[in-house]
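Participant: Take a look at this one; I'll ask things after.
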Amino acid sequence: MKYWETIADNLSKAGWSWGCVSAIDSKGQTIWITDAHRGDGKRHVVGADEKLSAFMELERATRGN
């Protein structure tokens, strides 16, 4: 299992629904956007240059919520 998958699994276990997409920015570089939300209205959206970095930022954003 890749580390980003572990983070995603932990988010799910903590009650978060999550998603991840990649896109090409205006400079032609790939960016990764992750988001997590849950039924109480809390939502976090983060972006990064690498998939793992995006998930790590999302993990930090959701920690303690």
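Participant: Taking only the alpha-carbon atoms of the chain, what semi-axes of the equivalent ellipsoid follow from 5 times the gyration tensor eigenvalues under a square root, in whole Å, largest first?
Facilitator: Output for the chain: semi-axes of 21, 13, 9 Å.
Participant: Which trypsin sites (Lys or Arg not before Pro) does segment 7-55 hold that lie in a coil by DSSP with at most 11 other beta carbons within 10 Å?
Facilitator: Lys27
Participant: Pop out the carbon and sulfur fraction of the accessible area of the chain as a percent, whole number, probe 1.4 Å.
Facilitator: The computed percentage sits at 49.
Participant: Assign unit charges at the C-beta atoms only (+1 for Lys and Arg, -1 for Asp and Glu), then state the dipole size of the chain relative to its Cα centre in Debye, rounded to the nearest 20.
Facilitator: Details: 9 positive and 9 negative charges, 36 e Å.
Once rounded to the nearest 20, the dipole reads 180 debye.
Participant: With a sphere of radius 15 Å drawn around the Cβ of Gln29, what net charge do the other residues whose Cβ falls strictly inside it have (Lys, Arg +1; Asp, Glu -1)?
Facilitator: Value of the local net charge: -1.
Participant: In degrees from 0 to 90, rounded to the nearest 10, what is the angle of the helix 3-13 Cα long axis to the longest principal axis of the chain?
Facilitator: Around 30 degrees separate the two axes.
Participant: Run down the aspartates and glutamates and flag those whose C-alpha is under 20 Å from the C-alpha of Lys42, throwing out any fewer than 8 positions away in its chain.
Facilitator: Asp9, Glu57, Glu59
Participant: Could you name the lysines in cross-link range of Lys27, using Cα to Cα under 19 Å and dropping any fewer than eight places away on the same chain?
Facilitator: Partners within reach: Lys51.
Participant: Another question, then. Per residue, how large is the accessible surface of the chain? Use a 1.4 angstrom probe and give square angstrom.
Facilitator: 65 Å²
The values are calculated or read from the model by the stated rules, or taken from the named source; none is laboratory data. Nothing here was measured: the structure is a model prediction, and the numbers come from that model. Using ideal geometry, Cβ is built from the backbone for each residue, glycine included, and neighbour counts are taken over all protein chains shown. Areas reflect the complete protein model, heavy atoms only, side chains present, ligands, DNA and RNA absent. Shrake-Rupley method; radii C 1.70, N 1.55, O 1.52, S 1.80 Å.
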